[in-house]
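Since the structure comes first, as structure tokens, the remarks are kept for the end.
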Amino acid sequence: MDNKTIQTLRGMALFCFLLLSLSGCATTPKFYVDIDSISSPDADLKKKYILIPAMKDVKNTDLQFIEFTKYIDNALISRGFIKANKAEDANIAIFLVYGIGNPQEHTYSYALPMWGQTGVSSSTTFGNINTFGNIGTYSGTTTYNPTYGITGYIPATGSYITYFRFLELDAIDHDEFKKSQRMNQLWKTTVTSTGSSGDLRFIFPIMVAAAKEYLGSNTGKRIQVILTTEDQRVVEIKNLNEKR
């Protein structure tokens, strides 16, 4: 393999690497989940719950609600909560809201490198001298070894789509509600995430896994949890759901 071929292959490899870098390719995507949880001082005194849909036209018999509540149940039970068999047995009522926003397109600009010959690294000359009497002639060929690199940049644009995903758990004192019809809030946990997946069924258990340890607590501020589909917290939420 001559030097020119080697240089060309190296150039192609570098060019491919640059393209991959620009595309931000990753084998295991990360999910960034924001959690904001607030609670009253009496929140820990109430642990026996019922889960109620708080979205218009969504009933507790809807298949998606049933699927999502299994993930929520797994997370709550791991936090010491107890699911009541009947509404009258519960001392807290937890209202569940979830959804996904419309796709948002984002555009960006970048410079795409151009690969080509940048110069000459060396040269080699081969030739012959012919003599005839007192006269000599020379004929030869010079071979130049080029160098390769980035010769310029081409303006380019790209775009990507993101979705806003959310779920909210709002817990009220069910004992107080049964007595006075007043809805005294015990705690509220809001979970949000923005990313490329518009599949709420896919992202929902990831969001629940990120928020699990903060349910019913007071985070003091909005915090962010970063995880992947291979994270043990996600695996546990999914596996528990499959066993139920």
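Listed highest first by mean packing, meaning other Cβ atoms within 10 Å per residue, what order do 166-177, 32-43 come in?
Going by the mean number of other Cβ atoms within 10 Å, highest first, we get 166-177, 32-43.
When a/c is below 1.5 the answer is rounded, else prolate if a/b is larger than b/c, else oblate, so apply that to segment 193-244 with a ≥ b ≥ c taken from the square roots of the Cα gyration tensor eigenvalues.
Since a/c reaches 1.5 but b/c is at least a/b, the shape of segment 193-244 is classed as oblate.
If packing is taken as the mean number of other Cβ atoms within 10 Å per residue, what is the order of 151-157, 185-191, highest first?
Result, highest mean first: 185-191, 151-157.
With charges set only on the Cβ (+1 for Lys and Arg, -1 for Asp and Glu), what does the dipole of segment 163-235 come to about its Cα centre, in debye to the nearest 20?
That gives segment 163-235 a dipole magnitude of about 180 debye.
Strictly greater than 20 Å: what percent of every Cα pair in segment 157-244 meets that?
Tail of P(r) above 20 Å: 50 percent of Cα pairs.
Quick one: net charge around Arg222, please, counting Lys, Arg +1 and Asp, Glu -1 for every other residue with C-beta under 9 Å from its C-beta.
Computed value for this residue: -1.
Taking neighbour counts of Cβ atoms within 10 Å as a proxy for exposure, in what order, fewest first, do Ile77, Ile94 appear? List each step's numbers first, then the result.
Working: Ile77 14, Ile94 26.
Listed from fewest to most nearby Cβ atoms, that is Ile77, Ile94.
Residue farthest toward the positive end of the dipole of segment 48-88, with Cβ of Lys/Arg at +1 and Asp/Glu at -1: which of Ile66, Ile52, Ala84?
Ala84
Under 13 Å from the Cβ of Ser193, count the other residues' Cβ atoms, weight Lys and Arg +1, Asp and Glu -1, and hand me the total.
With Lys, Arg at +1 and Asp, Glu at -1, the net is -1.
Read-outs throughout are calculated quantities, based only on the coordinates presented, and are distinct from any laboratory measurement. From a predicted model like this one, the values you see are computed outputs, not experimental measurements. FYI the Cβ positions are ideal-geometry reconstructions off the backbone, even for glycines, and counts take in every protein chain you see.
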